[in-house]
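Q: Sharing a structure here in structure tokens format.
The values are calculated or read from the model by the stated rules, or taken from the named source; none is laboratory data. Because the structure is predicted, anything quoted here is derived from the model rather than measured. Every residue, glycine as well, gets a Cβ built from its backbone with ideal geometry; the counts of neighbours run over all protein chains shown. When the accessible area is computed, the model is the full protein with side chains, heavy atoms only, and any ligands, DNA or RNA have been set aside. Shrake-Rupley method; radii C 1.70, N 1.55, O 1.52, S 1.80 Å.
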Amino acid sequence: MTKIRVIIFALASIILTNCNTDKHDFPVDKRYWDVNDYDEIVLKLNYGYEEDEKLPTFDDPETRIIVEKLTDQQNFNIVLDDTELGLNYKNEVADKFFSEWKDMMKIYDDLDRKDQFLYDKEMLEVWHFGLELQLKYFDLGNIQIKENADDPNSSRIKNQINSNISTLIQNYLIYLDLINREDALTKEGRAKLAEGIDKYFPALIELYPNAKYSGMKNKAELMLKKSESDKIKSSLERLIQLINSNTEKETE
């Protein structure tokens, strides 16, 4: 991967295979799902269910395992964190998982007649899968850019890497857009949205402490005024405080 692509949210599809807890077969006994598994699983979840058929959910004891396996970050971390594997191979796997995740985003985005998310907890867990994945995906891509460059310190390479980091930050801001729709979330969903801010945004800032977060701060401040959820507000306040603290360190 020499150039990291921006998320396109006109997303596609998902499938699963081999499970006796559901009429659909999913490989729930397999320890880790690889990209080939996701290819089938994402397709099936997106297109293998009737319009009035309930998808696998955390609330259903029989199908909960399917959602847990689908959103298990170890499925990609087992490869991307393996120090024995080559950089090119890990970038290929990260790129494929990124494509699968874009398709995963379509699975649980349905609204009911009251414009409430039918599967908000599942939708947010898919989001968290992607937030974690992107940290690895963009970092591996930037490392590869440096390794393939004749002069890793050239302005061209630095600009390319900074552009990729900017894209990553913009992708994270899309998650904050969900606050505009917090009325469509259950109480549990709003709590899970807040958890995502608390966990993944600090990880982003820790990974790229010198990046520009002024746009993120501005977005967080606007969402703070708009949100009516105490948990989301608290998470936004912590994020703003972290960005301020990070900026102060840079100026010292």
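Q: Give region 231-252 a look and list any residue that's out of contact with any helix residue (DSSP H, G or I) (no Cβ under 9 Å at 6 or more places or on another chain) and at pLDDT 95 or above, or say none.
A: Listed by number, the list holds a single entry, Gln241.
Q: Mind checking which residues of region 159-199 are among the hydroxyl-bearing types (Ser, Thr, Tyr) and under 25 Å from Gln116 (Cα atoms)?
A: Tyr172, Tyr175, Thr186 - these are the residues of region 159-199 that are among the hydroxyl-bearing types (Ser, Thr, Tyr) and under 25 Å from Gln116 (Cα atoms).
Q: Go through region 63-75 and report how many residues are within 17 Å of Asn36 (Cβ to Cβ) and open to solvent by 70 Å² or more (accessible area, probe 1.4 Å).
A: Residues meeting the conditions: 1.
Q: Output the number of residues of region 133-153 satisfying the condition of being among the acidic types (Asp, Glu) and either surrounded by 20 or more Cβ atoms within 10 Å (Cβ to Cβ) or within 14 Å of Tyr208 (Cβ to Cβ) (or both).
A: Going through region 133-153 one residue at a time, the tally reaches 1.
Q: Looking at region 184-230 only, could you name the residues that are closer than 23 Å to Ser166 by Cα and assigned to a loop (DSSP other than H, G, I, E, B)?
A: Tyr208, Pro209, Asn210, Ala211, Lys212, Tyr213
Q: Any residue in region 161-189 that is closer than 25 Å to Asp59 by Cβ sitting within a Cβ distance under 8 Å of a residue that is crowded, with 17+ Cβ neighbours inside 10 Å and among the small types (Gly, Ala, Ser)? List the pairs, counting only those 6 or more apart or interchain.
A: These pairs meet every condition: Tyr175/Gly196; Ile179/Ser227; Glu182/Ser227; Glu182/Ser229.
Q: Right, something else. Check region 118-125 and report whether any residue there is among the hydrophobic types (A, V, I, L, M, F, W, C), open to solvent by 40 Å² or more (accessible area, probe 1.4 Å) and farther than 28 Å from Asn91 by Cα.
A: Yes: region 118-125 contains one or more residues that are among the hydrophobic types (A, V, I, L, M, F, W, C), open to solvent by 40 Å² or more (accessible area, probe 1.4 Å) and farther than 28 Å from Asn91 by Cα.
Q: Could you look through region 41-62, keep only residues that are of a type outside the set (D, E, K, R), open to solvent by 20 Å² or more (accessible area, probe 1.4 Å) and in a loop (DSSP other than H, G, I, E, B), and pick out the one that is farthest from Asp95 (Cα to Cα)?
A: Top of the filtered list is Pro61.
Q: In region 76-90, how many residues are exposed (fewer than 12 other Cβ atoms within 10 Å of the Cβ) and among the polar types (S, T, N, Q)?
A: Residues meeting the conditions: 1.
Q: Taking the condition modelled with pLDDT of 95 or more, closer than 15 Å to Gln134 by Cβ, among the acidic types (Asp, Glu) and open to solvent by less than 60 Å² (accessible area, probe 1.4 Å), does Asp95 pass?
A: The answer is yes for Asp95.
Q: Which of the residues that make up region 165-199 are within 22 Å of Asp139 (Cβ to Cβ), aliphatic (A, V, I, L, M) and surrounded by 17 or more Cβ atoms within 10 Å (Cβ to Cβ)?
A: Residues satisfying the conditions are Ile165, Leu168, Ile169, Leu176, Ile197.
Q: What's the total number of residues in region 106-142 that are part of a loop (DSSP other than H, G, I, E, B), within 18 Å of Gly196 (Cβ to Cβ) and in contact with a strand residue (DSSP E or B) (Cβ under 9 Å, 6 or more places away or on another chain)?
A: 3
Q: Name every residue in region 200-232 that is aliphatic (A, V, I, L, M) and open to solvent by less than 10 Å² (accessible area, probe 1.4 Å), in order of residue number.
A: Leu204, Ile205, Met216, Ala220, Ile232
Q: With respect to Arg156, is the statement that it is surrounded by fewer than 20 Cβ atoms within 10 Å (Cβ to Cβ), farther than 30 Å from Leu118 by Cβ and charged (D, E, K, R) true?
A: For Arg156, the condition - surrounded by fewer than 20 Cβ atoms within 10 Å (Cβ to Cβ), farther than 30 Å from Leu118 by Cβ and charged (D, E, K, R) - is met.
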